[in-house]
Amino acid sequence: MDSIKPSNSSPLEQFSILSKYKQLDLAKLALLFAMCEYPDLNIDEELQSLDSLASVAKTRINPDSDPISQINALSEYLFDEVGFQGNYEDYYDPRNSFLNEVLNRRQGIPITLSLLYIEVGKRLGIQLEGVGMPGHFLVRMKNDHAGLYIDPFHRGILLSQEECTKMLEAIAGQSIIWDQNYLAPVNNIELISRLIRNVHAIYIHRNETTKILTIEKYLSAAQSSIQDQISKI
């Protein structure tokens with residue numbers, strides 16, 4: 001797909017159109033959504049930042065090594081060398097939910113750091129997908145049979161299913177009963193929808209009515225695309 005260029009279409013209109021594509025571009029959708037907060041955002045420049053991260057990461061990864069070694073090398077580059085990290089101190093800062101701010105500040109929450117991880121991996125030919133565990137978003141390798149999950153919020157550590165279960169118990173307490181489906185992968189539009197819902201919840205808490213109404217338009221577009229996918233199954 002060609003890069004997004006200035007047009008008469010609003011960011012929301014472009015978001016709505018691109019969200020219908022079968023091969024959905026996760027980074028572009030995240031950046032189009034970010035334009036509701038940053039209307040002058042240059043999407044091509046932000047995508048170039050992702051390309052640059054991948055270009056350097058490629059020099060750190062041995063293409064002949066096993067997948068786990070490649071994942072560990074990618075994590076070491078992004079979190080140890082570049083310095084991406086979870087924002088523990090101000091988790092609900094809205095900037096943590098906008099990809100451009102994550103790229104600029106090197107801080108994010110589980111879902112945006114996972115998005116970053118997936119997009120850099122994609123540029124390296126490493127096939128990754130999001131895992132929408134309640135309370136904490138994760139990443140896994142596609143067609144992975146090792147049962148390992150990557151936690152970008154915690155510097156890319158690898159987790160077993162048992163460790164994921166314990167993490168959820170620590171987050172939610174005994175009020176939630178473990179379900180294997182919590183570790184099911186989510187597609188890109190589901191990931192974006194969850195990201196938008198997070199921002200929506202933050203602005204509701206802050207009672208920022210104008211922003212809430214804008215966010216709801218993006219959320220409606222994302223949910224419409226999800227319903228379209230369901231209807232085609």
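Summary table
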read-out: Additional length obtainable on full extension of the chain from Ile176 to Arg106, 0.36 nm per residue less Cα span; value: 22.0 nm
read-out: Spin-label model distance (nm) - Gln229 vs Ser10, 7 Å beyond Cα toward Cβ; value: 2.5 nm
read-out: Cα-Cα over 21 Å, subset of Lys122/Lys211; Lys22/Lys122; Lys28/Lys217; value: Lys122/Lys211
read-out: The chain: calculated mean residue ellipticity at 222 nm from DSSP helix runs of at least 4, using -39500 (n - 2.57); value: -16500 deg cm²/dmol
read-out: Ordering of 49-56, 107-114 by burial proxy (mean other Cβ atoms within 10 Å per residue, highest first); value: 107-114, 49-56
read-out: Answer label for Cα Rg over 2.2 N^0.38 Å (calculated), chosen among (i) 1.16; (ii) 0.99; (iii) 1.10; value: (ii)
read-out: Ile157-Glu81 FRET efficiency (beta carbon distance; Förster radius 22 Å; 0.05 resolution); value: 0.85
read-out: Tyr88-Arg197 FRET efficiency (beta carbon distance; Förster radius 25 Å; 0.05 resolution); value: 0.70
read-out: Diffusion coefficient, µm² s⁻¹, Stokes-Einstein with Kirkwood Rh over alpha-carbon pairs of the range 148-191 at 20 °C and 1.002 mPa s; value: 185 µm²/s
read-out: Cα centroid of the range 175-213 to Cα centroid of the range 32-75, whole Å; value: 23 Å
read-out: Residues whose placed amide H lies under 5 Å from that of Ile157, excluding near-sequence neighbours; value: Asp151
read-out: Exposure ranking of Ile171, Ile202 by accessible area [1.4 Å probe, largest first]; value: Ile171, Ile202
read-out: Solvent-accessible area, 1.4 Å probe, carbon plus sulfur percent, for the range 112-181; value: 50 percent
read-out: Peptides 74-86, 94-106 ordered by average Cβ neighbours within 10 Å, highest first; value: 94-106, 74-86
read-out: Where the range 1-128 is the region considered: accessible area per residue in Å², 1.4 Å probe; value: 48 Å²
read-out: Peptides ranked, highest mean first, by Cβ atoms within 10 Å: ranges 129-140, 9-20; value: 129-140, 9-20
read-out: For the range 43-55, 3J(HN,Hα) per residue [Karplus equation, 6.51 cos²θ - 1.76 cosθ + 1.60, θ = phi - 60°, Hz, x = Gly/Pro]; value: 5, 4, 5, 5, 5, 5, 4, 5, 4, 5, 4, 5, 4
read-out: Pairwise FRET efficiency - Thr210 versus Lys58, Cβ, R0 = 45 Å, nearest 0.05; value: 0.60
read-out: Cut-off under 5 Å, modelled amide H: who pairs with Val131 long-range; value: Leu138, Val139, Arg140, Val186
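The values are calculated or read from the model by the stated rules, or taken from the named source; none is laboratory data. No experiment lies behind these values; they were computed from the predicted model shown. Glycine gets a Cβ as well: all are built from the backbone with ideal geometry, and neighbour counts include every protein chain shown. For the accessible areas, the whole protein counts, side chains as well, though only heavy atoms, and no ligand, DNA or RNA atoms are used. Shrake-Rupley method; radii C 1.70, N 1.55, O 1.52, S 1.80 Å.
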